[in-house]
Protein chains: 2
Amino acid sequence: MAPPGNDKAAAEVNEESTTERPISRVDSVGTISASLLTSASIQALQPDLIINAGPAAGFKVYQAKGTSLGDVFLGSDITLLDRRIPIPVLDLYGVGLCQAVSTLNLAKELNLKVGKLSAGNSLDMSPEDAAAITANDAAVKDMEGAAIAYVADLLKVPAIFLKAVTDIVDGDKPTADELLQNLAAVSAALDQAATQVIDSINGKTLSEL
Amino acid sequence: MAPPGNDKAAAEVNEESTTERPISRVDSVGTISASLLTSASIQALQPDLIINAGPAAGFKVYQAKGTSLGDVFLGSDITLLDRRIPIPVLDLYGVGLCQAVSTLNLAKELNLKVGKLSAGNSLDMSPEDAAAITANDAAVKDMEGAAIAYVADLLKVPAIFLKAVTDIVDGDKPTADELLQNLAAVSAALDQAATQVIDSINGKTLSEL
């Protein structure tokens, strides 16, 4: 599955709408659109497997261990970082831990890194988000993964998360600038990795990944 | 539409799942489940109108103007408070302004307050959330409204938001304690208001509300 980007369809619908909601004509990033798109895609296509490929942010603390701009990660544990509900049990629901298909063989074969992925709806990183990223032990952060993982798990479709690092969210450069500067080049690297993943999994069972 | 609470269905699905995700058996609060539930409900029921009735938080600043625990609000403008994307145009998309059906006659007839509603996935209020609530000029805050408004708008179904104040999120008491303490009594007030709303709108056109 490509990064959620149903901007044209949404814009067309909005344009005809009687409300005065502004027509943004931008990609529908974030967990709301991702959950709707995943649900609709599963219902329409009944896929054997979902591959969520998209940009992600890395962190200084992991950069120190060798993470660089352009690295492509396979997500292992998937969590939400911005659904904080400090009531027992609801706190665990809020984090929403899901597990991706184990892809250790794939990672070795294609020389991809494996790490935990945590998703939040905001591009910036508040102190609360940073604390959640640390608590979730996340190597990379995106804005949709946990919604896709939740819906895939609910509808019993296995999922793989392929995330390319476009920016270091706690780094020296403003996140939005760094993201936009690197998006084209990193998307090309992601495109190549996604093609390799699809070629490699062709004909294999899930347990072979 | 009642507050999202598809816990049993979700728990049953999870129980059979092969992943090791913990089974939380709590209500599925927040925007991800609300968007899925709204989409599925509209597809299944093709309703003329959605009424999203549920608990909400008020704020000190509005309490000073007369807002009290147990007040029932009709939401006017609906926004998201925790999708911060500081890139031009995407920032507006992030806030996701939708407008509810105008219900000024209904508010007058049933003596309900009218105010702007802003939704976020967290029960607590971070400084970033507080700033967004101020920027969105919100009178009440919930955890689902903006997702329901977005899907309803996308699928062209008019929506009304009926929100009863269970806690003052920037007040003196811990939010979770205050919420749980007041939930039963405020839910009864909300139940009464929802019944009055349904009785009142019966046979009317949208423009008469």
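The values are calculated or read from the model by the stated rules, or taken from the named source; none is laboratory data. In this text, all values refer to a predicted model and were calculated from it rather than measured experimentally. A quick note on method: Cβ atoms are made from the backbone with ideal geometry, for glycine too, and the neighbour counts reach across all protein chains shown. Accessible surface is based on the protein model in full, side chains and every heavy atom, while ligands, DNA and RNA are left aside. Shrake-Rupley method; radii C 1.70, N 1.55, O 1.52, S 1.80 Å.
No other residue among B:Gln181, B:Gln192, B:Gln99 is more than 14 Å from chain A (Cβ to nearest Cβ) and either modelled with pLDDT under 95 or open to solvent by 10 Å² or more (accessible area, probe 1.4 Å) (or both) apart from B:Gln192. Scanning the stretch A:56-92 for residues that are touching a helix residue (DSSP H, G or I) at 6+ places or on another chain (Cβ under 9 Å) and at the interface with chain B (Cβ under 9 Å from one of its Cβ atoms) yields a total of 8. Return yes when B:Lys173 is under 25 Å from B:Leu36 (Cβ atoms), open to solvent by 10 Å² or more (accessible area, probe 1.4 Å) and either in contact with a Cys (Cβ under 9 Å, 6 or more places away or on another chain) or part of a loop (DSSP other than H, G, I, E, B) (or both) and no when it is not. The answer is no for B:Lys173. Name the residues in the stretch B:127-150 that are part of a helix (DSSP H, G or I) and over 13 Å from the mean Cα position of the chain (by Cα), would you? Scanning the stretch B:127-150 gives B:Pro127, B:Glu128, B:Asp129, B:Ala130, B:Ala131, B:Ala132, B:Ile133, B:Thr134, B:Ala135. Name every residue in the stretch A:12-35 that is β-branched (Val, Ile, Thr), modelled with pLDDT of 90 or more and not in a loop (DSSP other than H, G, I, E, B), in order of residue number. If the condition is that a residue be β-branched (Val, Ile, Thr), modelled with pLDDT of 90 or more and not in a loop (DSSP other than H, G, I, E, B), then A:Thr31, A:Ile32 are the ones that fit. Scanning the stretch A:140-193 for residues that are in contact with a helix residue (DSSP H, G or I) (Cβ under 7 Å, 6 or more places away or on another chain) and among the polar types (S, T, N, Q) yields one hit, A:Thr166. Consider the stretch B:195-205 and keep the residues that are open to solvent by 80 Å² or more (accessible area, probe 1.4 Å) and part of a helix (DSSP H, G or I). The one that is farthest from B:Thr103 (Cα to Cα) is B:Asp199. Scanning the stretch B:26-36 for residues that are open to solvent by 10 Å² or more (accessible area, probe 1.4 Å) and touching a residue at least 40 places away in the same chain (Cβ under 8 Å) returns a single hit, B:Val29.
Could you tell me whether the stretch B:123-140 includes any residue that is polar (S, T, N, Q), in contact with a strand residue (DSSP E or B) (Cβ under 6 Å, 6 or more places away or on another chain) and within 12 Å of chain A (Cβ to nearest Cβ)? Within the stretch B:123-140 (the criterion being polar (S, T, N, Q), in contact with a strand residue (DSSP E or B) (Cβ under 6 Å, 6 or more places away or on another chain) and within 12 Å of chain A (Cβ to nearest Cβ)), the answer is no, since none of the residues qualifies. In the stretch A:111-135, the residues that are farther than 14 Å from A:Asp82 by Cβ and touching a residue at least 24 places away in the same chain (Cβ under 8 Å) form Cβ pairs under 7 Å with partners that are loosely packed, with under 15 Cβ neighbours inside 10 Å and among the acidic types (Asp, Glu), at six or more places apart or across chains, as follows: A:Lys116/A:Asp137.
Figure legend. Inter-residue proximity from the stretch B:52-72: first residues under 27 Å from B:Pro158 (Cβ atoms), second residues at pLDDT 90 or above and among the hydroxyl-bearing types (Ser, Thr, Tyr), beta-carbon distance below 8 Å, spacing 6+ or different chains. Indicated pairs: B:Pro55/B:Thr166; B:Pro55/B:Ser187; B:Ala56/B:Thr166; B:Ala57/B:Thr166. In this structure, is B:Asp167 open to solvent by less than 10 Å² (accessible area, probe 1.4 Å) and either in a helix (DSSP H, G or I) or among the acidic types (Asp, Glu) (or both)? Considered against the rule, which asks whether it is open to solvent by less than 10 Å² (accessible area, probe 1.4 Å) and either in a helix (DSSP H, G or I) or among the acidic types (Asp, Glu) (or both), B:Asp167 comes out as yes.
If the condition is being modelled with pLDDT of 95 or more, of a type in the set (Lys, Arg) and surrounded by fewer than 24 Cβ atoms within 10 Å (Cβ to Cβ), then the stretch B:51-95 contributes only B:Arg84.
Evaluation of B:Thr38 against the conditions (1) within 11 Å of chain A (Cβ to nearest Cβ); (2) in contact with a strand residue (DSSP E or B) (Cβ under 9 Å, 6 or more places away or on another chain); (3) in a loop (DSSP other than H, G, I, E, B) shows that the sole unmet condition is (3). I want to confirm something. Restricting to the stretch B:151-164 and keeping residues that are part of a helix (DSSP H, G or I) and open to solvent by less than 10 Å² (accessible area, probe 1.4 Å), which single residue is nearest to the other protein chains (Cβ to nearest Cβ)? Step by step, filter the stretch B:151-164, then rank; the result is B:Val151. Scanning the stretch A:74-110 for residues that are over 28 Å from B:Leu81 (Cα atoms) and in contact with a Gly (Cβ under 6 Å, 6 or more places away or on another chain) yields one hit, A:Ala100.
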